1. Residue pairs, Cβ under 9 Å, 6 or more apart or interchain, first in the range 73-101 and in contact (Cβ under 8 Å) with a residue 60 or more places away in the chain, second in a loop (DSSP other than H, G, I, E, B) and surrounded by fewer than 22 Cβ atoms within 10 Å (Cβ to Cβ). List them.
2. Can you name every residue in the range 127-144 that is over 21 Å from residue 91 (Cα atoms) and surrounded by fewer than 18 Cβ atoms within 10 Å (Cβ to Cβ)?
3. Quick check on this structure: which one of 97, 86, 93 is at pLDDT 95 or above and in a loop (DSSP other than H, G, I, E, B)?
4. Within the range 295-307, track down each residue that is surrounded by 19 or more Cβ atoms within 10 Å (Cβ to Cβ) and either under 14 Å from residue 393 (Cα atoms) or out of contact with any strand residue (DSSP E or B) (no Cβ under 7 Å at 6 or more places or on another chain) (or both).
5. Between 294, 347, 357, which is at pLDDT below 90 and over 14 Å from the mean Cα position of the chain (by Cα)?
6. If you check every pair at least six apart or on different chains, which have Cβ atoms under 6 Å apart with a residue in the range 321-338 that is crowded, with 18+ Cβ neighbours inside 10 Å first and a residue that is modelled with pLDDT of 85 or more and in a loop (DSSP other than H, G, I, E, B) second?
7. Would you say residue 252 is part of a loop (DSSP other than H, G, I, E, B) and crowded, with 22+ Cβ neighbours inside 10 Å?
8. Looking at the range 212-223, which of the residues that are modelled with pLDDT of 95 or more and crowded, with 18+ Cβ neighbours inside 10 Å is farthest from residue 140 (Cα to Cα)?
């Protein structure tokens, strides 16, 4: 009896397992099930994919994932591109998602990696690119160990213990990543000469950026980062000779914490960082605070910004231009021309913008839209110039969202384009023609008056002769003009007044009437 029960139980379990396996194949075409077996996938040094059934297609030196997988992907070949194409490498909370140890010149992009001890691992690796990946729910999102000259850029890194973790790795760049909801956002240990800029480091529990060293290392550049709502914004531990500027420190529980970290520089020579708890004023309206922001007795920001630092890129033709702004409201650009939106305005807004002279040279006109009105431009002033750039400050005294454009001043329309100008020209032409005709007629009238002045003393015969001869002269003059102007000769019969009288018989009739 007992054996029969055990046999029945084994059959039930076997049937359920077979059903689950078949269902998995039907739903995923076999790819996920093959990945769930747990075999590590290799891109071998000779360029082959092992196992050959792995969901990866190869074209030249580009390897593209074609389905989700569930274990480690190891790259053993240099100078290749490995594209996740949006697919997922899913772990079970341990191991490595994507291993680039001892690699050079590899680009890893477009992966979703989750649930590993280490999402992407680089050890003894150089000149690699980690681009546009999503890495979540790992112990360490991206880990570099003994690696240099690598780029970690444009990744989304969330819900890890360490978002980006650099250990004994110099000359690396961490750029334009979104690092949120981790324990440490970016942690760097015993490393130097790294660049951390334009990252969004937000809501990390312990620290947004933690630079610690047991060997008193440093020489970091931290530029243009959004560091907000973290436990500690930046934590320096035994780290000196760093330069920190154009960062936005917003509502961190502790903006900066320093231990044995001196001689750090908090500006680039004329601009520092934005601090949400800064209490100073800006009397001269240049977007720089009038008094320093004190961090501790050895560190202060001499040129604190009065608004958030925002940088955007615009494209004119085939040329890209970097635009830097300091503003006390939300500012963003759609990338079309030198225009940008101001939003979330409280009472009024100010903005200081750095304009490349190659894009547009002063003088400027600042207009409000949409639609743009050129009749009431905003007042502005040029804070300073250096020959290649101009820094322009203006205030926007309204609460409504606005599209701001900076253009060259609009010149008055040329005189010839005005409707009244053409009206005046027509009037002058008509008046000139009328006066010409008037004076011509007066000339003829005066001529006849002169000829008929003594009309009472002349006979009708003599009067007719005078008028005839005058008409002949006028005809001769007109024929002369025609000949001189157009080269046309008109043949006509020369005839005197007496010839006309004889030909028409008027002379005989006239004499008969005179005798009567």
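1. none
2. 127, 129
3. Within the list 97, 86, 93, the selection yields 86.
4. 305, 306, 307
5. 347
6. Pairs found: 326/287; 326/307; 327/307; 328/307.
7. yes
8. 223
The values are calculated or read from the model by the stated rules, or taken from the named source; none is laboratory data. Here the structure is a predicted model, which means the values were calculated and not measured. Here the Cβ is made from the backbone with ideal geometry for all residues, glycine too, and neighbour counts use every protein chain on show.
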